[in-house]
């Protein structure tokens, strides 16, 4: 059985691993071909995880083990819908798994959102991680005050990267162009703005506590900003949400710690929402509305505006209010939820009927929720559905079910696909480039540079032997 996986992030590798595990148990040969638009694998582990979180990135060692399976093949630098189409996959595979994640950001939909100086956090994250799509963006780091909208882990990542010292960043694998720009940053104050209260914040406690490790940053939390309303107090006292309780205890500690006069300040605010970005030619300030919480019938605590406003002078704004999936050519898509419509991973069309042989995993399946590890049981569920369809003879019947046919197709179209061995070569070159300047890695951030490095390595190897 031949399975194509579109995407190469955590959910893709967990799906491949589960397929091979089930193959061993069922004694049914399975071949997995993984397609990735970039020459490099791992999705947000490479392009989204903050550079100061190397331990999280070490999960790629597990993915290396999956890639070492003899029936696994990686095809990098292959764009779905362009280099290989939906019709091509139908003709070459018994099943297709979409693992493309959520590739864009949600908008605030407020006046001034498109002013220069207003950016989605996804662009900044991609930029400092060396993602080729964002390599050549610029951010005006001459501004002294920055607002980060949202209080999830991505918002915390952005705030940390903006306030870390050059020495701290130099010890990470942050992209060189970002390190050079941040070296000259004039940012002095970063506001993290959450629309709900401290008990409803979405960041994890380790992310929050990590702020204490910043070398030259005062964490400012006004006691009045974390005073719990009756609904939140009842929630913390009566629920089993230990994460919310630990977060609140950490915020209380911040509020009791006086500033030490460090060169930068990180200011955490709650129960505020942006209603307008102000400025003539660029962002000059942000207008906020004070919120209050109310309880829905299902028990959820939501924010609603009070009508009380304030204006904070800022020159740079990053919105971090969630990722959103984008449609794929020829594949059903739910525009309201930003996902591929599915039932436990089985893709369905607009009428709810199963699309034979097509499946989804990860954020494009369930929306942008959970951590890297959440993708493992998610992938297991989808693969279980796929294998049930095997038993019921409910898969595709491809006309050309061979790897040779796929590679011949790509070569005929002039596609220089990148193998997993090629990726290992790039990986080693990046590490060597980093070592030469005293850093853990110096990333390639342009596709053409990656391909040129591979061509040069191939030429050198050919000349040597």
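Bear in mind that the values in this text are calculations on the coordinates, not laboratory data. The structure presented is a predicted model; accordingly, all values stated were derived computationally and were not measured. Quick reminder, even Gly has a Cβ in these numbers, built from the backbone with ideal geometry, and neighbours come from all protein chains shown.
Observations
- Full extension of the chain segment joining residue 59 with residue 369 gains 109.7 nm, where the gain is 0.36 nm per residue of separation less the Cα-Cα distance.
- Peptide packing for 306-319, 140-153 was compared via the average number of neighbouring C-beta atoms within 10 Å per residue; ordered from the highest value, the list is 140-153, 306-319.
- Per residue, the convex hull around the alpha carbon atoms of the range 179-222 comes to 121 Å³.
- Sorting 128-136, 207-215, 34-42 by their mean Cβ neighbour count within 10 Å, with the most densely packed peptide first, gives 34-42, 128-136, 207-215.
- Taking 1.002 mPa s as the viscosity and 20 °C as the temperature, the Stokes-Einstein diffusion coefficient of the range 139-238 based on its alpha-carbon Kirkwood radius rounds to 142 µm²/s.
- A simple packing score, the average count of other Cβ atoms within 10 Å per residue, orders the peptides 169-175, 3-9, 436-442, 416-422 as 3-9, 169-175, 416-422, 436-442, with the highest score first.
- Inter-part distance where the range 385-423 and the range 427-447 are each reduced to a Cα centre, Å: 32 Å
- Quotient of C-alpha Rg and 2.2 N^0.38 Å, computed over the range 274-335: 1.64
- Label-to-label distance, nm, for residues given as residue 176 and residue 433 (7 Å Cα→Cβ offset): 0.7 nm
- The range 40-86-the range 124-175 distance, computed between alpha-carbon centres (Å): 22 Å
- Scaled radius of gyration (Cα, divided by 2.2 N^0.38 Å) that the range 26-109 gives: 1.31
- Against the empirical curve 2.2 N^0.38 Å, the C-alpha radius of gyration of the chain lands at a ratio of 1.05.
- Percent of Cα pairs exceeding the 17 Å cut-off, where the set is the range 360-465: 73 percent
- The sum of -39500 (n - 2.57) across all DSSP H runs of n ≥ 4, divided by the residue count of the chain, sets its helix-only mean residue ellipticity at 222 nm to -10500 deg cm²/dmol.
- Base-10 log of normalised Debye intensity for the range 288-406 (one unit scatterer per alpha-carbon) at q = 0.10, 0.13 Å⁻¹: -0.52, -0.75
- Once the Cα-Cα distance is subtracted from the 0.36 nm per residue extended length, the residue 294 to residue 87 segment shows a gain of 69.6 nm.
- Computed label-point distance, nm, for sites residue 462 and residue 183 using a 7 Å Cα→Cβ extension: 3.7 nm
- Using the Cβ-Cβ distance between residue 309 and residue 233 with R0 set to 25 Å, the FRET efficiency from 1/(1 + (r/R0)^6) comes to roughly 0.45.
- Radius of gyration and maximum dimension Dmax of the range 104-322, Cα, Å: 17.2, 51
- In the range 1-157, the ratio of gyration radius to Kirkwood radius, Rg to Rh, stands at 1.05 when only Cα atoms are counted.
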